[in-house]
1. Mind listing whichever residues of the stretch 208-222 are modelled with pLDDT of 95 or more, outside any loop (DSSP other than H, G, I, E, B) and not hydrophobic (A, V, I, L, M, F, W, C)?
2. Going through the stretch 230-264 one residue at a time, which ones are part of a helix (DSSP H, G or I), of a type in the set (S, T, Y) and farther than 20 Å from R205 by Cα?
3. For G182, state whether it is in contact (Cβ under 8 Å) with a residue 60 or more places away in the chain and either out of contact with any strand residue (DSSP E or B) (no Cβ under 6 Å at 6 or more places or on another chain) or buried (at least 24 other Cβ atoms within 10 Å of the Cβ) (or both).
4. Residue by residue through the stretch 88-117, note down the ones that are in a loop (DSSP other than H, G, I, E, B) and out of contact with any helix residue (DSSP H, G or I) (no Cβ under 7 Å at 6 or more places or on another chain).
5. Out of (1) over 27 Å from I34 (Cβ atoms); (2) touching a helix residue (DSSP H, G or I) at 6+ places or on another chain (Cβ under 6 Å); (3) surrounded by 16 or more Cβ atoms within 10 Å (Cβ to Cβ), the odd one out for I272 is which?
6. Scan the stretch 323-336 and report the pairs whose first residue is at positive phi and whose second residue is among the β-branched types (V, I, T) and buried (at least 22 other Cβ atoms within 10 Å of the Cβ), with Cβ atoms within less than 6 Å and a gap of 6+ or a chain change.
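The values are calculated or read from the model by the stated rules, or taken from the named source; none is laboratory data. Everything quoted here is computed from the prediction, not taken from an experiment. Please note: Cβ atoms are built from the backbone with ideal geometry, for glycine as well, and neighbour counts cover all protein chains shown.
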Amino acid sequence: MFKIVKNFEELVNRRRDVLAEIRRDVLRAVEAAIEAVLPENTLKKHVKRIGDSLMVDKEKYSLKNYEKIIVLGAGKAVLGMARHIEEIMLDKIDAGVVVVPREKIHEASLKKIEVLPSTHPIPSMLGVKASEKLLEYAEKTDSKTLVIFLLSGGASALLPMPTPPITLEDKAETTRLLLKSGATIDEINIVRRHISEIKGGKLLRKLNNATVITLIISDVIGDKLEVIGSGPTAPDPYTYRDAYEVLRRYGLWDKVPEKVRKKIEDGMEGKIEENPKPGDPIFNRVRNVIIANVLDACSSARRLLSSSGYRVKILTHHMEGEASEVGRFLIGVAKDMLVKKPSALICGGETTVTVRGHGIGGRNQELALSSSINLKELDKCVLVSVGTDGVDGPTDAAGAIVDNETYRESLEMGLNPIEYLLNNDSYNFFKKLGDHVITGPTGTNVGDIVIIASRG
């Protein structure tokens, strides 16, 4: 296993004796979790080339049946996915394009697949241009084309093509409002699917009867196909009425741009076509395959901790809710469950943060900060919370690590954890302590993982 956490030793050496050992164990488990869901590792399990056949799990595709094979995709993890597809199919691929965060563009070294930059989480003109290029490829397909579509978390923002007359600025403002409101990723994507030219199955309409294999690294709780990347090749079970209800629920209906309101109103009145729904024959020619998710990451972390002598339980891989509340709740659960030592709990999923303060942070840092307040009551206990993509909010940290000494130490340094929490300023709190987990962008994205371990 290679080191993914760049400041691994610094985080371990912040403590001594048993706490240092537990920190080492949970950080090793974080690395095992991320390594398990790296694109090259997951694709090898699910996609194989045997002569002129492509095996996707147990389904066989004869490559001789297609006159053209193209690769399309978008997301934080698709660069690694595209590399593997080229490795096994370079002689068969005709062309393709994948869209990645602009921070990853320097890593591009593909031979037949073009790599285009875009922005995340706020859409930009860079993403619009990339979306236009992807649609150019899509519109050149036909019934004799095999399309391998690579999809991972982040694709919604990376492919921001708004449906006319909505402008990019309208869509960006709507996204900003939703992100700050505390809406879940499911709810955010319900709205985005209904103001997009690509999402909610609309891309499939533009692929002109091509056969489509969509390979998916899921960052969504429950692996809902319509939510992952806003489902470019998946049926959309939600309607314009549902998009309206999301905006009303969070008090945003009168705040979003007028063109967005008009689009949704026209949809509710039946003036424009709904996104393709489950059961539509258009989906007979597409196969959507989940090749990695947060349960895979949790399971790998569990194996590592078990081999290190811990009694381990995956508490849930459907973790969601307000980050600060989840942090407090998990410590309450730990008090009841971490009785037999050494023992550990693992959670996977994705929390949200309703921004009320003026600080800087991310959901994993906020969860860790919240948990530190009650973690002081547990003996020899460590909690780490990280985003598997290596990016937590608009910061350079993947998350943070805390233990039963964190609260006391922060007070000695003149830091009040409660004040930092109320100001949504978890980033500056952990920067002063030196307890950020730093990985940099990992090249994958299956959501967040939280590990609590005790050896008291």
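1. T211, T214
2. Answer for the stretch 230-264, where residues must be part of a helix (DSSP H, G or I), of a type in the set (S, T, Y) and farther than 20 Å from R205 by Cα: just Y244.
3. no
4. Those that are in a loop (DSSP other than H, G, I, E, B) and out of contact with any helix residue (DSSP H, G or I) (no Cβ under 7 Å at 6 or more places or on another chain): L90, D91, D94, S109.
5. (3)
6. none
Results for (1) within 19 Å of I360 (Cα to Cα); (2) among the small types (G, A, S), shown as yes or no for each residue.
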residue	(1), (2)
A400	yes, yes
L422	yes, no
S426	yes, yes
K432	yes, no
T442	no, no
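Residue-wise test of (1) β-branched (V, I, T); (2) crowded, with 21+ Cβ neighbours inside 10 Å.
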site	(1), (2)
G414	no, no
E419	no, no
L422	no, no
F429	no, yes
L433	no, no
T439	yes, yes
T444	yes, yes
